[in-house]
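Heads up, the thing below is written out as structure tokens.
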Amino acid sequence: MAAEGGDLRTARLRLRPWTTRRDDLARLVDLYGRDEVTRWLGGTPSVPPAELVARWRAVAQADDRFGVWAIELDSGIVAGTVLLKPLPRGVGEVEVGWHLHPDSWGRGYATEAARAVIERGFEAGLPEVYAVVRPGNTASVAVCTRLGMTPLGRMRRWYDVELDAFRLMAPTVVD
């Protein structure tokens with residue numbers, strides 16, 4: 001994984017901050033306006049796309065270990081979003097998450113992007129990361145499994161809804 005001024009690169013992906021460019025905003029509207037995506041997120045975002053981008057930018061500005069990135073393919077198409085950010089009501093707990101457009105499902109992009117931001121977080125000193133998944137979202141559970149995350153069961157610890165929680169501990173460094 002290589003970093004290029006805020007961007008992260010994997011074998012197939014460029015992870016970059018979302019922008020307020022017309023094409024990014026149009027893709028956000030398309031992505032977060034789809035029932036097959038938002039049913040797993042608790043609904044469509046309640047703020048306009050440009051404000052969403054500003055909020056995501058603020059996450060990274062508050063602490064450069066965190067961010068919300070567009071998952072861009074070599075073709076320039078944005079497959080979706082990957083995030084690494086503090087969990088609400090958590091005490092130093094950090095969430096990894098992914099939201100992909102249906103035209104990009106089933107290609108391993110979520111796993112590849114999540115692995116990159118998790119590695120980045122561990123390199124920055126995070127001891128662990130969590131993922132929360134709506135019950136029934138078998139595709140996201142499969143991503144958690146591929147990432148090596150441990151299931152913790154259902155909980156309401158961070159959000160006001162029961163979610164399946166997963167955790168991945170940072171690798172132990174042996175001297």
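ASP64 meets the stated requirement of being out of contact with any strand residue (DSSP E or B) (no Cβ under 8 Å at 6 or more places or on another chain) and under 28 Å from ARG21 (Cβ atoms). Of the residues making up segment 38-74, those that are of a type outside the set (A, V, I, L, M, F, W, C) and either closer than 21 Å to ARG115 by Cα or in a helix (DSSP H, G or I) (or both) number 12.
Taking first residues from segment 74-99 that are among the aromatic types (Phe, Trp, Tyr) and partners that are surrounded by fewer than 21 Cβ atoms within 10 Å (Cβ to Cβ) and not in a loop (DSSP other than H, G, I, E, B), the Cβ contacts under 9 Å between residues at least 6 apart in sequence or on separate chains come to TRP98/LEU83; TRP98/THR111. Looking across segment 92-124, the residues that are closer than 16 Å to LEU168 by Cα and more than 14 Å from the chain's Cα centre (by Cα) come down to GLY92, GLU93, PHE122, GLU123, ALA124.
For LEU13, state whether it is in contact with a Leu (Cβ under 8 Å, 6 or more places away or on another chain) and farther than 23 Å from TRP158 by Cβ. So LEU13 fits the description; yes.
Considering the conditions (1) surrounded by 19 or more Cβ atoms within 10 Å (Cβ to Cβ); (2) touching a Pro at 6+ places or on another chain (Cβ under 6 Å); (3) of a type outside the set (Val, Ile, Thr), ALA110 is excluded by exactly one of them, (2).
When the residues of segment 135-171 are filtered to those that are in a loop (DSSP other than H, G, I, E, B) and within 18 Å of ARG115 (Cβ to Cβ), the one that is nearest to the chain's Cα centre (by Cα) is LEU147.
Every residue, every condition in (1) at pLDDT below 95; (2) crowded, with 20+ Cβ neighbours inside 10 Å; (3) on the phi < 0 side of the Ramachandran plot; (4) of a type in the set (Val, Ile, Thr), yes or no:
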| residue | (1), (2), (3), (4) |
| --- | --- |
| GLY80 | no, yes, no, no |
| VAL96 | no, yes, yes, yes |
| PRO102 | no, no, yes, no |
| ALA116 | no, yes, yes, no |
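When the test is whether a residue is farther than 23 Å from PRO49 by Cα and not in a loop (DSSP other than H, G, I, E, B), GLY125 does not pass it.
Criterion first (within 25 Å of VAL29 (Cβ to Cβ), surrounded by fewer than 21 Cβ atoms within 10 Å (Cβ to Cβ) and in contact with a Leu (Cβ under 7 Å, 6 or more places away or on another chain)) does ARG134 satisfy it? The answer is yes for ARG134. Within segment 12-71, the set of residues being surrounded by 12 or more Cβ atoms within 10 Å (Cβ to Cβ) and of a type in the set (Asp, Glu) comprises ASP24, ASP30, GLU51, ASP63.
The values are calculated or read from the model by the stated rules, or taken from the named source; none is laboratory data. For clarity, every value in this text was computed on a predicted model and none was experimentally measured. Here Cβ is always computed from backbone atoms with ideal geometry, including for glycine, and neighbour counts include all displayed protein chains.
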